[in-house]
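*Asks:* Here it is, the structure in full.
The values are calculated or read from the model by the stated rules, or taken from the named source; none is laboratory data. Remember, it's a predicted structure, so these values are computed and weren't measured experimentally. Glycine also receives a Cβ, built like all others from the backbone with ideal geometry; neighbour counts cover every protein chain displayed. The accessibility values were calculated without ligands, DNA or RNA, using every heavy atom of the protein model including side chains. Shrake-Rupley method; radii C 1.70, N 1.55, O 1.52, S 1.80 Å.
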Amino acid sequence: MIVINNDSNIPLYMQIYEQIKKGIITEEIPGGSKLPSIRGLADTLKVSRNTVENAYLQLNSEGYIESKLGSGFFVLQLESMELLKPSYGDVTENKELTQGATKACDTIDYKFNFTDRCYSASEFPLQIWKKLSNQCFQSMDSITLTGYNAQWGERNLQIEIMKYLKKSRGVSCTPEQVILSSGIEYSLSLLCQLFKDDLPQIAMEDPGYTAARNIFNNNGYDVLPIGLKKDGIDIDELDNSSAKVVYVTPSHQFPIGSLMPIKKRLKLLDWGKRKGGIIIEDDYDSEFRYNSGPIPSLQSIDSMGSVVYLGTFSKSLSPSLRIGYMVLPQSLLNKYHKSFDSYHSTASFMQQKVLQQFMELGYWERHLRKIHTSATKKHDLLVDAIGEYMGDKVIIHGENSGLHILLEFKNGLKEEEIIEKAKRSDVLVSPVSTFWIRKNKYDNNMIMLSYGGIAEDKIVDGIRTISNALFQY
């Protein structure tokens, strides 16, 4: 029986179509059955003939029924009907997907949230971005808006990024070497495809950036974990491995926060020279240093063309803009273009144009100064509060740079216990165990405190609250 709901937003012909389709799939309307005539069903349902005819035509086009000249419409006999039936079963909630979709929203339920590794949303230059967006949009014609954007990224933005990297990070490149994409993850995926035929293994720091490890694994690479020294990746362990590609975060090792000094940088470059290897330099959090100026990049001292430099605007501007870039050495540029000749930049054309204006007109440097000042205040408040309320009970890792620190606890507390006690006191902190490949190397006694997104006036109270939860007996 077909029921029509005249108050529904679903067109009448679709209501008829869906109900007949369901009947065919569930075999309530068996194969070979003749459907009512268009006129007969229209009279029964009190709808127009066109409505019923449109429903029948849709069913016919999808192969559920067929029209026989002079005889009407008949249900076709379908094989493997059981494959279609679950579509009409009960809809059950996928808890993993639901948890993933709501994970970000859940953090607002905590009074003190030390898990946001980006700077505060209130510091985003919203009005300037809106103004530049409107100006860019109004300057576009329909041909520009409906065409493909530049294959490797908008030329003028490539130039702005080249100038910025030269000034702030010492990177030496041409605009053509700057490949724009929708973020670090996409850049890494492209590099994986570029190297996979010749270089099936990738070494990376352990602990290290989990997303990078997942990308390497998803692309079929054998990931080789390399331990850390106080000054960065263990060169001897890397040297003894069979890897010819290594992923590193030398300017602010993630998550430990150490800075690779020039002596070790030269050793790493020497490794690349001897092995004929590739060094992927992720310049993570390089904009945020509090006791010195920015450290020149590894790429800036690379004379062999073995360093691929990766950067993004996610931490310093906004992750939702989805704009990142990589600087390829000349030795890889031709191979890259040959491999990805049919690809186009995945970064939004409009966002590229707005960012270009943002940089060209000087807003970018002003914005960096502003958020650096804010991050410095938050960093100092956090470190001072830890010293006051936790003293020698903890060891701080990664201070003086970035937007997070690690706290190592010396009183026997374990990561899970620390996180749960903090939660019960309305404080949200992040685990560190997820960053280790070789879990047996981790003492399971650390947490991550990210301070970029938390308000200044909550930092001291948050640390006092954690301290009370963990050290009051």
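*Asks:* Which value in nm describes the separation of the simple spin-label points at Arg155 and Met1, placed 7 Å from the Cα toward the beta carbon?
*Replies:* Calculated label separation equals 7.1 nm.
*Asks:* So for each of 312-318, 339-345 I average, over its residues, the number of other beta carbons within 10 Å; can you give me the resulting order with the highest mean first?
*Replies:* 312-318, 339-345
*Asks:* Separate question: I need to check one value: relative contact order of the chain, counting alpha carbon pairs closer than 8 Å and at least 6 residues apart, in percent.
*Replies:* Over the chain, the number comes to 18 percent.
*Asks:* Another question, if that's okay. Report, to the nearest 10°, how far helix 95-106 tilts away from the longest principal axis of the Cα atoms in the chain, using its own Cα long axis and a range of 0 to 90°.
*Replies:* The angle comes out at about 50 degrees.
*Asks:* Indicate, rounded to the nearest 5 percent, the antiparallel portion of the DSSP beta bridges found entirely in the chain. Can you show the working numbers first?
*Replies:* On the way: 27 of 44 bridges.
Close to 60 percent.
*Asks:* Okay, next question. How many nm is it between the label spots at Ser241 and Met304, if each spot is 7 Å from the Cα in line with the beta carbon?
*Replies:* Placing both labels 7 Å beyond Cα along the Cβ direction yields 1.6 nm.
*Asks:* Okay, moving on. Using a Förster distance of 30 angstrom, determine the FRET efficiency expected from the C-beta separation of Ser61 and Ser320, and round it to 0.05.
*Replies:* About 0.15, to the nearest 0.05.
*Asks:* Still on this structure, please answer the following. For Ser258, tell me the accessible area in Å² from a 1.4 Å probe, rounded to the nearest 10.
*Replies:* Approximately 20 Å² of Ser258 is accessible to the 1.4 Å probe.
*Asks:* If you rank Arg424, Arg155, Arg289 by how much accessible surface each has, with a 1.4 Å probe, what is the order from largest down?
*Replies:* Arg424, Arg155, Arg289
*Asks:* Along the positive direction of the dipole of the chain (beta-carbon charges: Lys, Arg +1; Asp, Glu -1; about the Cα centre), which of Gly276, Ile184, Met390 reaches farthest?
*Replies:* Gly276
*Asks:* Sticking with this structure for a sec: What is the gain in length, in nm to one decimal, between Ser142 and Ser37 on full extension, counting 0.36 nm per residue of separation less the C-alpha to C-alpha distance? Write out the running numbers ahead of the final one.
*Replies:* Details: separation 105, 0.36 × 105 = 37.80 nm, distance 4.84 nm.
Taking Ser142 through Ser37 to full extension adds about 33.0 nm, to one decimal.
*Asks:* Give me the distance in nm between label points sitting 7 Å out from Cα along the Cα-to-Cβ direction at Tyr442 and Glu185, one decimal.
*Replies:* Result for the modelled spin labels: 2.0 nm.
*Asks:* Further question: Would you kindly state how much longer the chain becomes between Ser374 and Phe340 on full extension, computed as 0.36 nm times their sequence separation minus their alpha carbon distance, in nm to one decimal?
*Replies:* Working: separation 34, 0.36 × 34 = 12.24 nm, distance 4.06 nm.
Length gained, Ser374 through Phe340: 8.2 nm.
*Asks:* Where a ≥ b ≥ c are the square roots of the eigenvalues of the C-alpha gyration tensor, would you call region 372-473 rounded, which needs a/c under 1.5, or, failing that, prolate if a/b is larger than b/c, or oblate?
*Replies:* Here region 372-473 falls in the oblate category.
*Asks:* Nearest 5 percent is fine: what portion of the DSSP beta bridges confined to region 247-384 is antiparallel?
*Replies:* Details: 4 of 10 bridges.
The antiparallel proportion sits near 40 percent.
*Asks:* Next question. Ranked by accessible surface with a 1.4 Å probe, highest first, in what order do Glu62, Glu388, Glu160 come?
*Replies:* Glu388, Glu62, Glu160
*Asks:* Quick one: order Ile301, Ile16 from most to least accessible surface, probe 1.4 Å. Let's see the in-between values first.
*Replies:* Working: Ile301 65, Ile16 0 Å².
Largest accessible area first, the residues go Ile301, Ile16.
*Asks:* Could you state the angle between the C-alpha long axis of helix 456-471 and the longest principal axis of the C-alpha atoms of the chain, as a value from 0 to 90 degrees rounded to the nearest 10?
*Replies:* Relative to the chain, helix 456-471 is tipped by roughly 80 degrees.
*Asks:* From the cross-link list Lys410/Lys441; Lys131/Lys163; Lys46/Lys68, which pairs have alpha carbons spaced over 19 Å apart?
*Replies:* Lys131/Lys163; Lys46/Lys68
*Asks:* So, one more: Net charge near Glu417: determine it from the other residues with C-beta under 13 Å of the C-beta of Glu417, scoring Lys and Arg +1 and Asp and Glu -1.
*Replies:* +1
*Asks:* Can you tell me the convex hull volume per residue for region 182-263, based on C-alpha atoms, in Å³ to the nearest whole number?
*Replies:* Convex hull volume per residue, Cα atoms: 96 Å³.
*Asks:* Then there's this: Net charge around Gly387, counting only other residues with Cβ within less than 14 Å of its Cβ (Lys, Arg = +1; Asp, Glu = -1)?
*Replies:* -3
*Asks:* Report the extension gain between Phe74 and Lys111 in nm, rounded to one decimal, defined as 0.36 nm multiplied by the number of residues separating them, less their alpha carbon distance.
*Replies:* 7.0 nm
*Asks:* With every protein chain in place, what's the accessible area of Arg265 (1.4 Å probe, Å², nearest 10)?
*Replies:* Counting only protein heavy atoms, the figure is 10 Å².
*Asks:* Further question on the same structure: Once ligands and nucleic acids are excluded and a 1.4 Å probe is used, how much of Ser331 is accessible, expressed in Å² to the nearest 10?
*Replies:* Approximately 80 Å² for this residue.
*Asks:* Let me ask something else. What's the FRET efficiency of Asn411 with Lys131 using the Cβ-Cβ distance as r and R₀ = 60 Å, to the nearest 0.05?
*Replies:* Rounded to the nearest 0.05, the efficiency is 0.70.
*Asks:* Beyond 17 Å, what share of the Cα-Cα pairs of region 315-389 remains, rounded to the nearest whole percent?
*Replies:* Of all Cα-Cα pairs in region 315-389, 66 percent lie more than 17 Å apart.
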